[in-house]
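The values are calculated or read from the model by the stated rules, or taken from the named source; none is laboratory data. In this text the structure is predicted, and so the values were computed from the model without any measurement. Quick reminder, even Gly has a Cβ in these numbers, built from the backbone with ideal geometry, and neighbours come from all protein chains shown. Please note that ligands, DNA and RNA were not included when accessible areas were found on the heavy atoms of the full protein model with its side chains. Shrake-Rupley method; radii C 1.70, N 1.55, O 1.52, S 1.80 Å.
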Amino acid sequence: MSAIEFREVFFRYNEESPFVLKNFNLTIEQGQTVAVLGHNGSGKSTVSKLVNGLLTPQSGEILVNDTKIRTSNVWEIRKNVGMVFQNPENQFVGTTVRDDVAFGLENRGIPRDEMEQRIKQSLMNVGMEQYMDHEPHHLSGGQKQRIAIASVMAIKPEILLLDEATSMLDPKGRKEILATIQTLKKHGKMTMVMITHDLNEIVLADRIIVMNKGNIYLDTTKELLFTHHKKLESIGLTLPFTVELALELEKYDYQFALYPLNYKEFNKELWTSNLNK
Amino acid sequence: MKSFMIIGQFVPGTSSLHKLDPRTKMVTIFSFVIIVFFANNVLSYGWLALFSLALILLSKIRIPYILKGITPVWFLIIFTFILHLFITREGPVLLEISTFKIYEGGVIRGLTISLRFLLLVLVTSLLTLTTSPMEITDAIEELFAPLKKIKVPVHELALMMSISLRFIPTLLEETEKISKAQASRGVDFRTGTLKDRMYAIVPLLVPLFISAFKRAEELAMAMEARGYNGSEGRTKLRELKLTNIDYIAILLYVIINIIFFTLRQ
Ligand SMILES: Nc1ncnc2c1ncn2[C@@H]1O[C@H](COP(=O)(O)OP(=O)(O)O)[C@@H](O)[C@H]1O
Ligand SMILES: [Mg+2]
């Protein structure tokens, strides 16, 4: 069973503007962690909003867990598709952390006792349980974003969409979020779609999709992604420093079986792939 | 700025006033606002003043803090007093300075009206001092719930209130950021004629509004993504519950009012 499926989807924001997605096809299997890359305006957010029924395509079909999204079932679909947006400030609805996590639960008519329990549990999952009564303006961006994840997780969705959830955070906040995502990945069989334009964030992904101009430009894995370095650079994506270094060293006859994403991998690759030097 | 505007500033605490259900506080305090106007002699005014003082003591908030908090209102109270002193011409003349005459009626009228004013301000500010804005919002939603029958969007209004409360700090921070950014580009908010300063506000307001609209749009999107679909079928995490302390308070309040009405003429 596939978690998300786009079948020949056409979408534009209004009649006058050009199509953002033209004959877009994509299948994401259940339990996969997928990173979607692409520069600004390549249509990543549009895709994620379509999955959750916040936007409706002009033609084509979108299926979530093999069910076609219709106006009649969109609220059901949203229960299964949690979404975390880019700006931590603008998705914090409640006046305190507890209220914010409760918001989604209240919307679903969850009874109060269960609400309390789920709030506690999901705050524990993101390591924010001691901030229960804090107000948003006393939290850092990274903390707010973890609350946003907790709020979504409290609904127990099967699919989690993160639309550039780390792009407005400082390096510390980014690390917090990535660690949170990693624990979520370990815990459950959730399908995760991480939209990002930061190539360093793909370590967590089983599959990488690169979008360009509303189309899938590359569909690959993190091991193979940087063998396409020319293609990536040609659409304006910057390579991680370690990959650039590796590419430079290749000119001097060094070899890299895998393009390293960080210094640890870089060292390892440098040793193992060049043993007979 | 913050120190003298405590009207609307919540002081967290654990006093019995803090513990009361916000609905109890709102209903009693608003009825008090009306009852103050029924006072008509020294005894009834004294009784109400005593009641207000008791409330202040119960709240465990420091009296100087409360008095300082209503600074802007002090001015109004004194102004009202002086105004009545000069305008009212009733009763015997108490004092005569060249053409000005101060009558006994003026003094009495001035005193009673300023006292009335002071009591109103003190007691209503106690409401906001001991009740968090969220509690007030919840209480409004509950108290006005019957209006849903005549299609007043009570839930939506309460949600709007709570979201506004949540975004006040965000927007204040943003205002400060923008005003600093504009000041560094040479916009002068502090000097010049009134007209100049009004014009200087424009480069502050325009970016502030643009960003507020963007926030609103994103927030609406996030709320929809989290399943917000109006009040129907919605449960609430916060629950307002009348406890013993509320029943005691209501009983006491009724007794106080009975005494009040026997004291007045
Ligand atoms: N609300 C909107 N109204 C009109 N056009 C939009 C809107 N949002 C995005 N677009 C356009 O759709 C295209 C894809 O945008 P988006 O999906 O946000 O890209 P990404 O998330 O990859 O940066 C862009 O050309 C953008 O200008
Ligand atoms: Mg985007």
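Looking at the square roots a ≥ b ≥ c of the eigenvalues of the Cα gyration tensor of the protein assembly as shown, which shape do they give, rounded for a/c under 1.5, prolate if a/b is larger than b/c, or oblate? Mind showing how you got there, number by number?
Values: a/c = 2.81, a/b = 2.22, b/c = 1.27.
In terms of gyration-tensor shape, prolate.
Tell me the accessible surface of B:TYR65 in square angstrom (1.4 angstrom probe, heavy atoms of protein chains only), to the nearest ten.
So the heavy atoms of B:TYR65 present about 80 Å² to solvent.
Taking amide H positions as placed in the peptide plane 1.01 Å from N, state which residues far from A:GLU29 in sequence (5 or more) or on other chains have amide H under 5 Å from it.
Amide H neighbours of A:GLU29: A:ALA3.
Convert each backbone phi in segment A:216-231 into a coupling constant with the Karplus relation 6.51 cos²θ - 1.76 cosθ + 1.60 (shift: θ = phi - 60°), then list the ³J(HN,Hα) values in order as whole Hz, x for Gly and Pro.
Couplings: 7, 9, 9, 9, 8, 10, 5, 5, 9, 3, 7, 5, 9, 4, 5, 5 Hz.
Which lysines does A:LYS230 reach when only Cα atoms under 26 Å apart count, and residues fewer than 8 places away in its own chain are ignored?
A:LYS22, A:LYS44, A:LYS213, A:LYS222, A:LYS251, A:LYS264, A:LYS268
How big a patch of accessible area, both sides summed and in Å² to the nearest 100, lies buried between A and B at a 1.4 Å probe? All intermediate terms of the calculation are to be shown ahead of the outcome.
Working: alone 14410 and 17640 Å², together 29150 Å².
Rounded to the nearest hundred, the buried surface is 2900 Å².
Go ahead and run the numbers for FRET between A:HIS187 and B:ILE150, Cβ-Cβ distance against an R0 of 35 Å, rounding to 0.05. Intermediate results must be reported in sequence, preceding the final value.
On the way: r = 49 Å, r/R0 = 1.39.
Rounded to the nearest 0.05, the efficiency is 0.10.
Looking at segment B:76-136, which trypsin sites (Lys or Arg not before Pro) are DSSP coil and have at most 12 other C-beta atoms within 10 Å of their C-beta? Each step should come with its number before you reach the end.
Working: sites: B:ARG89, B:LYS101, B:ARG109, B:ARG116; in loops: B:ARG89.
Loop-located and lightly packed - B:ARG89.
Label 7 Å along Cα→Cβ of B:THR71; segment B:172-207 residues with amide nitrogen under 11 Å?
No residues fall inside that zone.
Tilt of helix A:171-187 relative to the longest C-alpha principal axis of chain A, in degrees (0 to 90, nearest 10)?
Helix A:171-187 and the main axis of chain A meet at about 80 degrees.
For B:ILE78 and A:ASP170, FRET efficiency with R0 = 60 Å and r from the beta-carbon atoms, rounded to 0.05? Before the final figure, lay out each step's value.
Working: r = 52 Å, r/R0 = 0.86.
After rounding, the FRET efficiency stands at 0.70.
Going by alpha carbons, how many degrees (0 to 90, nearest 10) lie between the helix axis of A:112-125 and the longest principal axis of chain A?
Helix A:112-125 and the main axis of chain A meet at about 20 degrees.
List the residues whose amide H sits under 5 Å from the amide H of A:LEU139, counting only those 5 or more places along or on another chain, with H placed 1.01 Å from N in the peptide plane.
none
Using the Cα centre of chain A as origin and beta-carbon charges of +1 (Lys, Arg) and -1 (Asp, Glu), tell me which of A:SER17, A:ILE119, A:MET192 is placed farthest towards the positive end of the dipole.
Most positive-ward Cα: A:MET192.
Looking at the protein assembly as shown, send over the antiparallel percent of its DSSP beta bridges, to the nearest 5. The partial results should precede the final answer.
Details: 22 of 39 bridges.
Percent antiparallel among DSSP bridges in the protein assembly as shown is about 55.
Taking amide H positions as placed 1.01 Å from N in the peptide plane, with prolines and chain starts having none, which residues 5 or more places from A:PHE92, or on another chain, fall under 5 Å of its amide H?
It is none; the list stays empty.
Would you mind finding the longest exposed-site-free stretch of chain A, with exposed GluC sites (Glu not before Pro) meaning DSSP loop and at most 16 other Cβ atoms within 10 Å? Please list the in-between numbers first.
Numbers: sites that count: A:GLU15, A:GLU16.
That would be A:17-277.
Please figure out what share of the DSSP beta bridges in chain A is antiparallel and state it in percent, rounded to the nearest 5. The partial results should precede the final answer.
Numbers: 18 of 35 bridges.
The antiparallel fraction comes to roughly 50 percent.
Checking the cross-link filter: which lysines have an alpha carbon closer than 18 Å to that of A:LYS68, excluding same-chain neighbours under 8 positions apart?
Straight-distance partners of A:LYS68: A:LYS49, A:LYS79.
Quick check for you: with a 1.4 Å probe and neighbouring chains kept, what is the accessible area per residue of chain A, in Å²?
Heavy-atom accessible area per residue stands at 47 Å².
Quick one: longest stretch of chain B between exposed loop GluC sites (Glu not before Pro), exposed meaning at most 13 other C-beta atoms within 10 Å and loop per DSSP? Please list the in-between numbers first.
Values: sites that count: B:GLU90, B:GLU232, B:GLU239.
Counting at most 13 other Cβ atoms within 10 Å as exposed, the longest clean stretch of chain B is B:91-231.
List the residue ranges in chain B for DSSP H helices whose C-alpha atoms run 27 angstrom or more along the long axis and whose Kyte-Doolittle average is -1.0 or above.
Taking the DSSP H segments of chain B (at least 27 Å long, mean hydropathy at least -1.0), we get B:104-130, B:154-184, B:194-225, B:244-263.
Of B:ALA183, B:PRO12, B:GLY110, whose Cα points farthest to the positive end of the dipole of segment B:2-263 (charges on the beta-carbon: +1 Lys, Arg; -1 Asp, Glu; origin at the Cα centre)?
My answer, from the dipole projection, is B:ALA183.
Report the Cα centroid-to-centroid distance between segment A:60-96 and segment B:176-246 in angstrom, as an integer.
Result: 25 Å between the Cα centres.
Sticking with the crude label model, points 7 Å out along Cα→Cβ, report the distance from B:ILE97 to B:ASN40 in nm, one decimal please.
Distance between the two pseudo-spin positions: 3.4 nm.
Can you compute the FRET efficiency between A:GLN130 and A:LYS79 using 1/(1 + (r/R0)^6), with r the Cβ-Cβ distance and R0 = 25 Å? Round to the nearest 0.05. Mind showing how you got there, number by number?
Details: r = 29 Å, r/R0 = 1.15.
Once rounded, the FRET efficiency stands at 0.30.
What are the ³J(HN,Hα) values, in whole Hz, obtained from phi via the Karplus relation 6.51 cos²θ - 1.76 cosθ + 1.60 with θ = phi - 60°, for each residue of segment A:262-272 in sequence order, with x given for Gly and Pro?
For segment A:262-272, the Karplus curve yields 8, 5, 4, 4, 4, 4, 4, 4, 4, 6, 6 Hz.
Compute from the Cα atoms of segment A:193-277 the Rg and the Dmax, the latter being the longest Cα-Cα distance, and quote both in angstrom.
13.3, 45
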